[in-house]
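One structure is given below, represented as structure tokens, and several questions about it will come after.
The values are calculated or read from the model by the stated rules, or taken from the named source; none is laboratory data. Fair warning: this is a prediction, and the values are worked out from it, not measured in the lab. Please note: Cβ atoms are built from the backbone with ideal geometry, for glycine as well, and neighbour counts cover all protein chains shown. These area figures cover heavy atoms from the full protein model, side chains too; ligands, DNA and RNA do not enter into them. Shrake-Rupley method; radii C 1.70, N 1.55, O 1.52, S 1.80 Å.
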Amino acid sequence: MRAHDILPDHLDEARIDGVAVRKGSVAAFLANARSLSDPRTDDAMRAEAEQHIREALPALRAVGLFEVLEIRDARLRAWIESLS
């Protein structure tokens, strides 16, 4: 399967199990996860990254991201699991 089989170029989102999943959801999660894992991230940026991850979790779960990949950062993994 290729990316365009799930979300063709002319579309910006797909519905998976009734959840809207936008293009870039996984890439945005990775960027936010890197920010949270970086000790140099200030409190304001950390709060923003946390909020963006909270908002994206339904889509990330709908695509099965956490069923296939495990987050290496133990603190980040525990925090995300606590949001279930």
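Are there any helices (runs of 4 or more DSSP H) wholly within the stretch 31-84 with 1 or more residues that are among the small types (Gly, Ala, Ser), and if so which?
Qualifying helices (runs of 4 or more DSSP H): 43-62, 74-82.
Being surrounded by fewer than 14 Cβ atoms within 10 Å (Cβ to Cβ), at pLDDT below 95 and of a type in the set (D, E, K, R) is the requirement here; does Asp42 meet it?
Here the answer is no, as Asp42 does not meet what is asked.
Of Ala28, Ala44, which residue is over 19 Å from Glu81 (Cβ atoms) and in contact with a His (Cβ under 8 Å, 6 or more places away or on another chain)?
None of the other options fit; the residue is Ala28.
When the residues of the stretch 21-38 are narrowed to those that are open to solvent by 40 Å² or more (accessible area, probe 1.4 Å) and touching a residue at least 24 places away in the same chain (Cβ under 8 Å), which ends up farthest from Leu60 (Cα to Cα)?
The qualifying residue farthest from Leu60 (Cα to Cα) is Ser37.
Right, here's the next one. Condition first: outside any helix (DSSP H, G or I) and exposed (fewer than 14 other Cβ atoms within 10 Å of the Cβ). Now tell me which residues in the stretch 1-20 satisfy that.
Met1, Arg2, Pro8, Asp9, His10, Leu11, Asp12, Arg15, Asp17, Gly18, Ala20
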